[in-house]
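Worksheet for the structure shown next.
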Amino acid sequence: MSKEKTSFVYVTYIRSTPEKVFEAITKPEIARRYWGHENVSDWKPGSTWEHVRANEQRTVELVGKVVEVAPPTRLVITWANASQAADPASYSRVSFDVAAYEEMVRLTVTHDELEAGSGMAKGIQQGWPIVLSSLKSLLETGQGIDVFAKPKAA
């Protein structure tokens, strides 16, 4: 019996161009500035990608494959914890849809094929909003935010 699946969708509007948003997702040197990680791939369908922590250890935290790429409007990748890479059932899918919207960009990130109630599903619900807020901040102001920040105790 297959496990129940869930999805997470996040939409944000960024004062930028589709080209700059797409580059920010796919260029390691830009992703490092708002995510604290680098997305490393040649971005060809079927190629692997790695989500590498931008620190001295260069830890590979997430892995997957490029499913679809249509710069600067769409990127689809599979996504799994590096520790679970050998288990096909551990993979979910992330779609980045980038659309010009008057003088800005509408970025829609859809993370689906997630196991409902899993640690990954819970983690991305917290992770995507701060990562995409940092991306927006970087592209609009030149500075990302601290994606590793924790809430202050009351």
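Observations on the structure shown:
- Given their separation in residues at 0.36 nm each and the Cα-Cα distance between them, Ala85 and Glu29 gain 17.7 nm when the chain is fully extended.
- Going from the residue with the fewest nearby Cβ atoms within 10 Å to the one with the most, Ser90, Ser83 rank Ser83, Ser90.
- Dividing the summed helix terms, -39500 (n - 2.57) for each DSSP H run of n ≥ 4, by the number of residues in the chain produces a 222 nm estimate of -8500 deg cm²/dmol to the nearest 500.
- Ranking of Glu56, Glu23 by count of other Cβ atoms within 10 Å, fewest first: Glu56, Glu23
- By the Kirkwood approach, averaging reciprocal distances over each pair of separate Cα atoms, region 57-143 gets a hydrodynamic radius of 14.4 Å.
- Val11-Glu103 FRET efficiency (beta carbon distance; Förster radius 25 Å; 0.05 resolution): 0.90
- Cα gyration tensor shape of the chain, rounded if a/c is under 1.5, else prolate or oblate by comparing a/b with b/c: rounded
- Eligible aspartates and glutamates near Lys44 by straight Cα distance, threshold 12 Å, same-chain separation 8 or greater: Glu68
- Residues whose placed amide H lies under 5 Å from that of Trp49, excluding near-sequence neighbours: Gly64, Lys65, Val66
- Positive-pole candidate from Val63, Gly36, Tyr101, dipole of the chain, charges at beta carbon: Gly36
- The relative contact order of the chain comes to 27 percent, based on Cα pairs under 8 Å that sit 6 or more residues apart.
Just so you know, all these numbers are worked out from the coordinates, no wet-lab data involved. Just so it is clear, the model here is predicted, and its values are computed rather than measured. Don't worry about glycine lacking a Cβ; one is built from the backbone with ideal geometry, like all the others, and counts go over all protein chains shown.
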